[in-house]
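Visitor: Structure below; questions to follow.
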């Protein structure tokens, strides 16, 4: 009968140690990654959201009215992924807290029934002036909402919020709202 010592040669023990170390590193790295990705950016405290009723005319955005709603958070699942328009939230000390894309619904789609042919038809109109609503987070230190138009063409959103905040200086200013 063979001895246990013969089964566990130096190379076998080195292989087992390697597997143990790899399993430990994967577990530690995975838990650290979960900690990093569970933190949301930006790290500001929110009381809910602000519903902004906005007016778009002549390339400028103005506010019709706004309402602060407590307890309702802005859902991240509804992010606009293709737009040239975005907003930034500024804090009381002038720090850009958040940036996010939004759409201005300039196209109006319509349907009508053509009585002469008996068919339902439709089309779209391009509007120069429109009212629309967006929701922004209600951060406790937020003071202003600034609106911009990016000079780049509409592309899928490959720029994250941090990069978008940094690109503000290269964009066309459309308006601001004091909260």
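Visitor: Find the Cα radius of gyration of the stretch 86-156, compare it with 2.2 N^0.38 Å by division, and give the number to two decimals.
Guide: 1.71
Visitor: Right, next: Provide the gained length on full extension for the span residue 178 to residue 10, in nm with one decimal, where the gain is 0.36 nm per separating residue minus the Cα-Cα distance.
Guide: Computed gain between residue 178 and residue 10 is 53.3 nm.
Visitor: How long is the gain from residue 126 to residue 46 if the chain were fully straight, where each residue apart is worth 0.36 nm and the alpha carbon distance is subtracted?
Guide: The residue 126-residue 46 span can extend by a further 25.2 nm.
All of the numbers you see were taken from the coordinates with simple rules; none came from a lab. Values in this document were obtained by computation on a predicted structure and should not be read as measured data.
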